[in-house]
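The values are calculated or read from the model by the stated rules, or taken from the named source; none is laboratory data. Owing to the predicted nature of the structure, the values given are computational and were not obtained by experimental measurement. Backbone-built Cβ (ideal geometry, glycine too); neighbour counts: all protein chains shown.
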Amino acid sequence: MGRPTESSTLTNSLTVRDNRTGKVYDVPIVDNSIQATAFKAMTAPAAPGEREENETYKGLRVADKGFLNTAVIRSEITYIDGDAGVLRYRGYPIEQLALHSSHLETAYLLIYGTLPTKPQLSVFEAEVSHHGVIHADAEQFCRSFRYDAHPMAILTSAFSYLGSYYGEANPSLQGQSLYTKGDAASLSIMDKQIYRLIGKATTLAAMAYRVRQGREFVTPPTGLSYTGSFLYQMDHLGEENYTPNPVLEKALDVLFLLHADHELNASATTVLQTGSSLVDPYSAIAAGCASLYGPLHGGANEAVIRMLISIGKPENVPAFIEAVKKREKVLSGFGHRVYKTSDPRSFIVRKTADEVFKITGKDELLETAMALHEAAMKDEYFVKRKLAPNVDFCSGLIYRAMGFPLDFFPVLFAVPRVVGWLAHWRQMMLQEGGVKIWRPRQIFVGASKRDYVPIEARPLVDGPKKTPSAIAHSGITKRTMLASFKGKVVPKL
Ligand code: SDX
C-alpha cells in the first residue's frame, strides 16, 4: 500500500509526489504493475471551488475508460504480445497448436493448463460428446423464436435457459461457495458444467440454425468429431451414412481452435464480471455471449462480409477507403485493442481459407477483400494508427464459402469461445484468496445535491437527448386512430 515517506531507496517501486500536499509516496512495483488501491492513500483537502463529489479526502481514484491499461486479474491462460503479433495458449504458440492440435485438445489445455495424455483426451472428448444431448423440452424453447430471429439472440438466451435445468449447479440454490471451495465435490460439479456447456454449445447452435430453416432438430450423433457432429446436426436431412466433408470438418476445427480464447477480450471480461457475483456458469456464459454479439467484437465477422458486399467490386475499394478516412465508414475486420501488427490468427485463417476454397470454389468477395487489405496496409491513415487485419477479416469469407448464412457467423465465433470463457471463469473461481465481486469506481460529474421540485413548479427541459423521443405507433391502424375510446391518447407524430 502506498505510504508517505521522506525519500525512496527502493528500486522496484514508484515514487509519487502529490503536488497538492507535497507528500511523497512509495508504491511497490510487482510484475511490472502497481496496485490501484495504493492511490487511495493519496488524500488531499479539496482545492478552492472543488466539487465535494470529488471526495479528495478519500484518496485518489484511477480513471481508465475502456480498460486501456487496467489489469483486473492474474492469469496463466493466454498471452498476447500485440506488438510482435504473438499469441500463446498456456505457453504454446497458436501456430503450433493450429498445426498439431484439435479444438477439444486445446480446450483441455486452456481449461486445465496442460496438454492431455491420450487417455485424458479420450475421457474429455467422450464426456463432451456424452453431454451434447439436450433435454427434449428445449425444442419448444427454440421453436418459440420466430424463424427469422437472429441466431445469436437464440444462442444467448439458450445458454441462460440451459441453466434452469441444473439446480444442483446453481450457487443461488446450493450456496455461494459451490465453485470456490476447490475440493473434490466442488471440482466435480464444476467439470460437469464445463462438459455440459462445451458439449451443448454446438447442439444449441445447430438448433438455432434449424429454427431458421424450419427443419426438425437432429440428435447429436455418436462417432463423429466435435465439428463433425456440429455439421451433421446442422445439415443432416435423413440421408443414410451422412458424413460431413472432412476438409470442411477440419477447417472448422482449426477455426474453432483459433477462436477458443483471447485473454481478457470484452466477452471474457463480461463472463468474469458476471461470474464475480458467484452466479451460475450458464448465466455468466450467456452474458459473455451477449457481449460477443456486438459488431465491435464477435459480430465483426458478419460486419466484414456486409462491408465487402457493400463495396462490391475491387475497383470500388479506393472510394471506400476514402470514406473510412472521413470516418463515414468503419473498416470492419481491421484494428485491435492489443495487436498493433497483424493478428497472428489472420495468417492461419487465410491459409485455411485456401484449403476450403479448393473444394468450395473461391468466394467472389475474396478479390475485393484482398484489394481492401492491400490498400489499407499501405495507406498512411491505417499505418499511423497501427490498424492491421484481425481474426475477423477473413474468417467470414470461409463461413460464406461453406454456405453459412451471414447472421450465423457470430455463432461460429461464440461456440468455440465458450472454451475460453470457461477457462477464465474456472481460473477465477479457484484463484488464490477467493472471488471478490467486481465493482468498479466512477468519477461522478452529475448534479450536486438539489431539492425535489413539485410538478407544477418545474421548468420545461426539452431538446435532443434531454427528453424521450416521440415514437410513431406502427401497430395502430389509421382506423383505430380515428376511432374514439376511453383514455384515448393521440400520440404526437
Ligand atoms: C475481436 O479483444 C479481443 O481480443 C477481441 C478478439 C477476440 O479474439 O476476442 O480479438 C476478436 O473482437 C477482433 C476485433 C473485431 N472488431 C472489428 O474488426 C471492428 C473494427 N475494429 C474497430 O472497431 C477497433 O479497431 C476495435 C474495436 C477492434 C479496437 O478499438 P480500440 O482499441 O478502442 O481502438 P480505437 O477505436 O480507439 O481506435 C484507435 C484509432 C481511432 O482513430 P482516432 O480517433 O484516434 O483518429 O484507430 C481508428 C479509430 O478511429 N480505428 C479505425 C478502426 N479501428 C480503429 N478506423 C477505421 N476502421 C477501423 N476498423
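Within region 24-62, being in contact with a strand residue (DSSP E or B) (Cβ under 7 Å, 6 or more places away or on another chain) and either over 17 Å from Leu14 (Cα atoms) or in a strand (DSSP E or B) (or both) holds for Val24, Tyr25, Asp26, Val27, Pro28, Ala44.
For first residues located in region 261-279 and closer than 16 Å to Ser160 by Cα and more than 8 Å from the ligand (Cβ to nearest atom), partners that are β-branched (Val, Ile, Thr) and in a loop (DSSP other than H, G, I, E, B) and lie 6+ apart or on another chain with Cβ distances below 6 Å form the pairs Ser277/Ile437. Annotation for region 157-175: no member residue is over 12 Å from Ile134 (Cβ atoms), of a type in the set (D, E, K, R) and outside any helix (DSSP H, G or I). Of all residues in region 417-433, none satisfies being part of a loop (DSSP other than H, G, I, E, B), touching a His at 6+ places or on another chain (Cβ under 9 Å) and buried (at least 19 other Cβ atoms within 10 Å of the Cβ). In region 284-300, the residues that are over 19 Å from Leu162 (Cα atoms) and of a type in the set (Gly, Ala, Ser) reach residues that are outside any helix (DSSP H, G or I) and more than 8 Å from the ligand (Cβ to nearest atom) with C-beta atoms within less than 7 angstrom, at least six apart or across chains, in these pairs: Gly299/Tyr293. Just one of the listed residues (Ala388, Ala375) is of a type in the set (A, V, I, L, M), within 16 Å of the ligand (Cβ to nearest atom) and closer than 25 Å to His262 by Cβ, and it is Ala388. Ser342 falls short on exactly one of the conditions (1) surrounded by 20 or more Cβ atoms within 10 Å (Cβ to Cβ); (2) of a type in the set (Ser, Thr, Tyr); (3) at pLDDT below 95, and that condition is (1).
The test for being closer than 30 Å to Leu99 by Cβ, surrounded by 24 or more Cβ atoms within 10 Å (Cβ to Cβ), small (Gly, Ala, Ser) and in contact with a strand residue (DSSP E or B) (Cβ under 9 Å, 6 or more places away or on another chain) holds for Ala260.
Taken over region 315-334, the criterion of being within 24 Å of Phe404 (Cβ to Cβ) and of a type outside the set (A, V, I, L, M, F, W, C) is satisfied by Ser332, Gly333. In the set Glu374, Glu367, only one residue is touching a helix residue (DSSP H, G or I) at 6+ places or on another chain (Cβ under 7 Å), farther than 28 Å from Thr202 by Cα and assigned to a helix (DSSP H, G or I); that residue is Glu367. Put simply, of Gly396, Gly403 the only residue that is part of a loop (DSSP other than H, G, I, E, B), small (Gly, Ala, Ser) and within 24 Å of Ser229 (Cβ to Cβ) is Gly403.
Restricting region 329-351 to residues that are more than 8 Å from the ligand (Cβ to nearest atom), more than 20 Å from Glu367 (Cβ to Cβ) and not in a loop (DSSP other than H, G, I, E, B) leaves a set whose member that is nearest to the chain's Cα centre (by Cα) is Pro344. Please indicate, with yes or no, whether at least one residue in region 283-303 is touching a His at 6+ places or on another chain (Cβ under 7 Å) and either of a type in the set (S, T, N, Q) or buried (at least 21 other Cβ atoms within 10 Å of the Cβ) (or both). Within region 283-303, one or more residues are touching a His at 6+ places or on another chain (Cβ under 7 Å) and either of a type in the set (S, T, N, Q) or buried (at least 21 other Cβ atoms within 10 Å of the Cβ) (or both). Looking at region 196-249 only, could you name the residues that are buried (at least 18 other Cβ atoms within 10 Å of the Cβ) and modelled with pLDDT under 95? If the condition is that a residue be buried (at least 18 other Cβ atoms within 10 Å of the Cβ) and modelled with pLDDT under 95, then Arg212 is the only one that fits. If you go through region 368-404 and keep only what is surrounded by fewer than 21 Cβ atoms within 10 Å (Cβ to Cβ) and hydrophobic (A, V, I, L, M, F, W, C), you end up with Met370, Ala371, Ala375, Met377, Phe382, Val383, Leu387, Ala401, Met402, Phe404. With respect to being without any contact (Cβ under 8 Å) to a residue 40 or more places away in the chain and more than 16 Å from the ligand (Cβ to nearest atom), Tyr226 falls outside the description. Would you say Val133 is surrounded by 21 or more Cβ atoms within 10 Å (Cβ to Cβ) and more than 21 Å from the chain's Cα centre (by Cα)? No, not satisfied.
Entry remark, region 108-120: residues being out of contact with any Leu (no Cβ under 8 Å at 6 or more places or on another chain) and not basic (Lys, Arg) number 7 in total. Out of the residues in region 284-308 that are among the aliphatic types (A, V, I, L, M) and within 10 Å of the ligand (Cβ to nearest atom), which is nearest to Ala169 (Cα to Cα)? Applying the filter and picking the extreme gives Leu292.
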